[in-house]
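Following: one structure in structure tokens, then a few remarks.
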């Protein structure tokens, strides 16, 4: 999976691009590699892709509310007594993802933001680590 996580500069948010790299028969998404972006448009409006986005939104909403534990077994604790991250979904939509050698793929475009952070400050390392764990769990649950 060639996902991309790009923190925004001077904003407490991060953009995540997840290209589909394999067919997803459960969503009727068989041809995920296309020669032009125009060909991807037809996939992004298909019922199967809309179902994938809906499933991703449900899973992501749950993961943001209940983040997975850190690999060392600890959890990100937020009792409103700490300055821990409080992530929320700012955007979740389909995307046209360029691939190698003039190949394009449909993908998911997600923006998460830390609503407790200062608006003019980049997302901190703890929040970025939490984002990475959430995205890994999302990929696993969606079978991507």
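The values are calculated or read from the model by the stated rules, or taken from the named source; none is laboratory data. As the structure is a prediction and not an experimental result, all values here were calculated from the model. Note that we place each Cβ from the backbone using ideal geometry, even for glycine, and neighbour counts take in every protein chain shown.
A few remarks follow.
Every residue, every condition in (1) modelled with pLDDT under 90; (2) within 20 Å of residue 14 (Cβ to Cβ); (3) out of contact with any strand residue (DSSP E or B) (no Cβ under 6 Å at 6 or more places or on another chain), yes or no:
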position: 59; (1), (2), (3): no, yes, yes
position: 62; (1), (2), (3): no, yes, yes
position: 70; (1), (2), (3): yes, yes, yes
position: 90; (1), (2), (3): no, yes, no
position: 100; (1), (2), (3): yes, no, yes
position: 104; (1), (2), (3): no, no, no
position: 107; (1), (2), (3): no, yes, no
position: 119; (1), (2), (3): yes, yes, yes
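- Qualifying residue in the range 36-51 (condition: within 12 Å of residue 142 (Cα to Cα) and either free of Cβ contacts under 8 Å to residues at least 60 places away in the same chain or buried (at least 19 other Cβ atoms within 10 Å of the Cβ) (or both)): yes
- Filtered residues of the range 110-131 (kept if part of a strand (DSSP E or B) and buried (at least 18 other Cβ atoms within 10 Å of the Cβ)): 110, 112, 113, 114
- Checking residue 103 against (1) within 20 Å of residue 20 (Cα to Cα); (2) surrounded by fewer than 17 Cβ atoms within 10 Å (Cβ to Cβ); (3) free of Cβ contacts under 8 Å to residues at least 40 places away in the same chain, the condition it does not meet: (3)
- Residues of the range 15-40 that are farther than 30 Å from residue 127 by Cα, part of a loop (DSSP other than H, G, I, E, B) and touching a strand residue (DSSP E or B) at 6+ places or on another chain (Cβ under 9 Å): 23, 30, 32, 33, 35, 36.
- Of the residues making up the range 6-14, one or more are in contact with a helix residue (DSSP H, G or I) (Cβ under 8 Å, 6 or more places away or on another chain) and in a loop (DSSP other than H, G, I, E, B).
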